[in-house]
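The values are calculated or read from the model by the stated rules, or taken from the named source; none is laboratory data. Predicted model only: the values in this text are computed from it and were never measured. Heads up, the Cβs are rebuilt from the backbone with ideal geometry, glycines too, and the neighbour counts pull from every protein chain shown. The protein model used for the area step is the full one, side chains on, heavy atoms only, and it has no ligands, DNA or RNA in it. Shrake-Rupley method; radii C 1.70, N 1.55, O 1.52, S 1.80 Å.
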Amino acid sequence: MRGADLINPALPDELLDDVIRRVGAGPGGGKRDLDACALVCRRWRRLERASRRSALLAASGERADEVIRLVAERFPALADVSVDERLTAAGGGGAAPRSRRPRQARPVHSTSPFRRRRRLAVASSAVHIAPFPLDQPAVDDGSERSCLTDAGLAHLARGCRGLEKLSLIWCSAISSTGLVRIAENCKNLTSLDLQACYIGDPGLIAIGEGCKLLKNLNMRFVEGTTDEGLIGLVKSCGQSLVSLSVATCVWLTDASLRAVGSHCPNLEILSVESDRIQDDGVISIAKGCRQLKTLKLQCIGAGDEALDAIGLFCSLLESLSLNKFERFTDRSLSSIAKGCKNLTDLVLNDCQLLTDSSLEFVARSCKQLARLKINGCQNMETAALEHIGRWCPFLEQFNYINIFALVEIGDKALISVAENCKSLRELTLQFCERVSDAGLSAIAENCSLRKLNLCGCTLITDSGLTAIARGCPDLVFLDISVLRVIGDIALAEIGEGCPKLKEIALSHCPEVTDVGLGHLVRGCLQVESCQMVYCRHITSAGVATIISGCSRLKKLLVEEWKVSKRTRRRAGPVLSFLCTGL
């Protein structure tokens, strides 16, 4: 085109690069627009490739290493790469360079058979990288791996030297060898995710020595390493670390936590889950990492002394999650409440020795508490929730799961929360069999909920849900499973009063019929997910009503025998079946 010939020479590379970046980042920008830019001419294609900053790549498939190599060659400016073995690289469709906005998969290989043969020949002549012998996971048989290996990671390291963020999710064939290549070439790396990888100590030590700017490290489910690897890493780059997760790592002991406490003074986020951690390790963390703002602990061996130290030294703590503490009593939670005045998020899972008294200390001391989750703390009763309602006016989210059916949380506590916590937006009360319509009506009158879970609250009737429907028009999530006395009246009210509803679960509701579903879909046009198994009065006609009435539906969980052939043809992709074949 003459216009193209006239304007192209007049645009310098800097200006054209800015235009292409805006195409990808602006409203409506996406992969298709960037691909169109790449087709204008060779110059535009070169600049478009240089503008790509992030990519989501597959790590499974026979050509995984080849895909990574091609991506690294084509897009050398990549700074954020996520490699996931749960995705497949078969056919090239699994590797998709993407901009900061989500995009569809982009094939990374040519459709020309001649060019494909040439590229594969290059891959076959690649230099073999000898792995460290002791950090390879066991292979079940003698077959070749069909996933990303250290060779592919080496291609990425050499091709994208400006890499800043790297995620290796479930990459089972990656070892220390690949991490050494990353450490040698990617000096600007600030974030590394090694979730469920099998690596060894040399790789971690190399990352610490080569990546001095590392701020975020995720080692959740990591195997093959020991305390020595983590200690070596934090000794080299611990000063820059801000976030560290070593959750569900069976090898982790107090030695690692002592090193973290000694070398990571700027740490703000820490997640630790290990049965081998004792008081000594947690105390070292509390004394050395005084900038902590988010702390998640699951340490069966730790007790009151460790948590006393957290309350004493971690005064900036904002979010605390304590899971499965068998020796954790009211004493230490009271210490945390006294020392951590800025606490906004508190999670207590299976802390069997806690009582109402400790939660009273939290409520009186932590006035900024906004999110509270309690699960399996069987010695906490209704007084605990009354204290929270009385002293925490900024509470936005309260989740309570009574899996033991031993705790007596009733209407009195719920009314206290409703009257004082006007900002409450999310409420979960699972299997609270003493909560009735009175408590629910108080919530509806005072709190404009967005998410509500009443699963197993068997005293709730149509009246309670009617109050919710009329008082919470912004509701987007509702779980009313195992409410055996609610019927079509409740669904009709929800359909009329909650037009923004996107997710609903009404399994094990024996009184709900097809008529109620008809009323529901008439008003809730934005429903995307629906679960309705074991509802004896719902038939294939009701299933068809949901399918035809909810144009945005993405998932419907129902018994397979209730789905007619016609419905299956119309909505096969959104259907999920319980007890398939029965």
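Structure notes:
- With Cα atoms as the point set, the radius of gyration and Dmax of segment 476-565 evaluate to 11.4, 33 Å.
- Cross-link partners of Lys31 among aspartates and glutamates, defined as those whose alpha carbon lies under 12 angstrom from its own and excluding same-chain residues fewer than eight positions apart: Glu48.
- Computed 3J(HN,Hα) for segment 161-167, one whole-Hz value per residue from the Karplus formula 6.51 cos²θ - 1.76 cosθ + 1.60 where θ = phi - 60°, is 6, x, 4, 10, 10, 9, 10, glycine and proline marked x.
- Accessible area per residue (1.4 Å probe, heavy atoms of protein chains only) ranks Lys296, Lys338 as Lys338, Lys296, with the largest value leading.
- Cross-link reach list, lysines versus Lys338, counting only Cα pairs under 18 Å and skipping chain neighbours closer than eight places: Lys287, Lys293, Lys367
- Stretching the chain fully between Lys500 and Glu62 yields a gain of 153.2 nm (0.36 nm per residue, less the alpha carbon separation).
- With both residues required to sit in the chain, DSSP beta bridges show an antiparallel share near 5%.
- Rounded to the nearest 500, the 222 nm mean residue ellipticity of the chain from helices alone is -11500 deg cm²/dmol, with -39,500 (n - 2.57) taken per DSSP H run of at least 4 residues.
- Distance (nanometres) between label positions extended 7 Å along Cα→Cβ at Ser551 and Asp356: 5.3 nm
- Degrees separating the helix 201-210 axis from the principal Cα axis of the chain, which is the longest one: 70 degrees
- Apportionment of accessible area to carbon and sulfur, segment 492-582, percent (1.4 Å): 52 percent
- Label zone (Arg161, point 7 Å along Cα-to-C-beta; backbone nitrogen cut-off 13 Å) within segment 174-210: 184-188.
- Set of segment 473-498 residues, backbone N closer than 15 Å to the point 7 Å along the Cα-Cβ line of Thr458: 481-486
- Angle between the chain longest axis and helix 462-471 axis [Cα atoms, degrees, rounded to 10]: 60 degrees
- Glu209/Ser262 FRET efficiency (R0 25 Å; Cβ-Cβ; nearest 0.05): 0.90
- Remark: relative contact order (the chain) = 5 percent; criterion is Cα-Cα distance under 8 angstrom and separation of 6 or more residues.
- The distance between label points at Ser576 and Asn349 comes to 1.9 nm (points 7 Å beyond Cα on the Cα→Cβ vector).
- Of His155, His537, the residue with the largest accessible area leads and the full order is His537, His155 (1.4 Å probe).
- Inter-label distance for Ser423 and Asn446, nm, one decimal - labels placed 7 Å from Cα along Cα-to-Cβ: 1.6 nm
- Taking 0.36 nm per residue of separation and subtracting the Cα-Cα distance, full extension of the segment from Asn188 to Lys412 would add 75.0 nm.
- Sorting the segments 320-330, 58-68 by their residues' average number of neighbouring beta-carbon atoms within 10 angstrom, most packed first, yields 58-68, 320-330.
- Span from the segment 457-524 Cα centroid across to the segment 225-282 one, whole angstrom: 47 Å
- Largest-first ordering by accessible area, 1.4 Å probe, given options Tyr400, Tyr198, Tyr534: Tyr534, Tyr198, Tyr400
- Of the solvent-accessible surface of segment 7-52, computed with a 1.4 Å probe over protein heavy atoms with every protein chain present, carbon and sulfur atoms account for 59 percent.
- For the chain, the Cα-based Rg and Dmax, in that order, read 27.9, 81 Å.
- Reported value for segment 388-534: 88 Å³ per residue, from the convex hull of its C-alpha atoms.
- Carbon plus sulfur fraction of accessible area for segment 193-270, probe 1.4 Å, in percent: 52 percent
- Ignoring aspartates and glutamates fewer than eight residues from Lys422 along the same chain, the ones with Cα atoms less than 16 angstrom from its Cα are Glu386, Glu396, Glu445, Asp474.
- For segment 526-532, Karplus couplings with θ = phi - 60° (6.51, -1.76, 1.60), whole Hz, Gly/Pro x: 9, 4, 10, 9, 9, 10, 8
- Taking the average, over residues, of other Cβ atoms within 10 Å as the packing measure, peptides 547-557, 205-215 rank 205-215, 547-557 from highest down.
- For the chain, the solvent-accessible area with a 1.4 angstrom probe is 44 square angstrom per residue.
- With kT/(6 pi eta Rh) evaluated at 4 °C and eta = 1.567 mPa s, and Rh the Kirkwood radius from Cα pairs, segment 7-52 diffuses with a coefficient of 124 µm²/s according to Stokes-Einstein.
- Degrees separating the helix 64-74 axis from the principal Cα axis of the chain, which is the longest one: 70 degrees
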